[in-house]
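Heads up, the thing below is written out as C-alpha cells.
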Amino acid sequence: MAQIGTFGRDENGVFTGSIRTLTLNVKATIRPVDRDNDKAPDHRVFAGAVEIGAGWTKAARETGTEYLSLKLDDPSLPSPIYAQLVQGDGSDWKLIWSR
C-alpha cells in the first residue's frame with residue numbers, strides 16, 4: 001500500500017491536506033456531512049470547490065480504531081481510487097491507497 005496524501009484535522013472534524021498520484025496533485029479537504037440514509041457517506045472530499053470523492057467512517061475489527069474509507073474519482077483517472085485515511089504519528093493523518 002502506498003501513501004498518496006497527508007492531512008491534518010481541525011476541531012470541527014474537517015481534514016485539510018493534499019493528494020498526490022501520477023495524475024492528481026491537489027490540495028484537498030474532507031468535510032463531514034449530514035447523512036440522509038444509512039448508506040450515504042459521512043464525508044465529502046473536495047479539491048477546491050469540486051467534489052472528487054466520498055468517505056465512510058469505519059472501525060478496525062481488531063483494535064476498534066476509527067478510520068475513513070474513501071472513494072476518489074476524477075475524469076483523469078482510469079477508474080476510482082479506493083483509500084483509507086488513518087491516523088499516523090501525532091496529529092498527522094495518512095491517505096493510503098489500495099486496489
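Observations, loosely collected:
- Annotation: of all residues in the range 17-30 being under 14 Å from Gln3 (Cβ atoms) and hydroxyl-bearing (Ser, Thr, Tyr), the one that is surrounded by the fewest Cβ atoms within 10 Å (Cβ to Cβ) is Ser18.
- Every residue from the range 15-37 that is within 12 Å of Ala54 (Cα to Cα), part of a strand (DSSP E or B) and over 10 Å from the mean Cα position of the chain (by Cα): Pro32
- The residue pairs whose first member lies in the range 49-63 and is polar (S, T, N, Q) and in a strand (DSSP E or B), whose second member is surrounded by 13 or more Cβ atoms within 10 Å (Cβ to Cβ) and modelled with pLDDT of 95 or more, and whose beta carbons are closer than 7 Å, counting only pairs six or more residues apart or on different chains, are Thr57/Asp42; Thr57/Leu68.
- Residue-level analysis places Asp74 outside the set of residues that are exposed (fewer than 11 other Cβ atoms within 10 Å of the Cβ) and modelled with pLDDT under 90.
- Residue satisfying all of: in the range 64-74; of a type in the set (Asp, Glu) and assigned to a loop (DSSP other than H, G, I, E, B); nearest to Leu24 (Cα to Cα) among these: Asp74
- Condition check for Val14: of a type in the set (Val, Ile, Thr), touching a residue at least 12 places away in the same chain (Cβ under 8 Å), under 22 Å from Ala2 (Cβ atoms) and touching a strand residue (DSSP E or B) at 6+ places or on another chain (Cβ under 9 Å): no
- So Lys94, is it in contact (Cβ under 8 Å) with a residue 60 or more places away in the chain and outside any loop (DSSP other than H, G, I, E, B): yes
The values are calculated or read from the model by the stated rules, or taken from the named source; none is laboratory data. Keep in mind that this is a model prediction, so the values were computed, not measured. With ideal geometry, Cβ positions are generated from the backbone for all residues, glycine too; neighbour counts draw on all protein chains shown.
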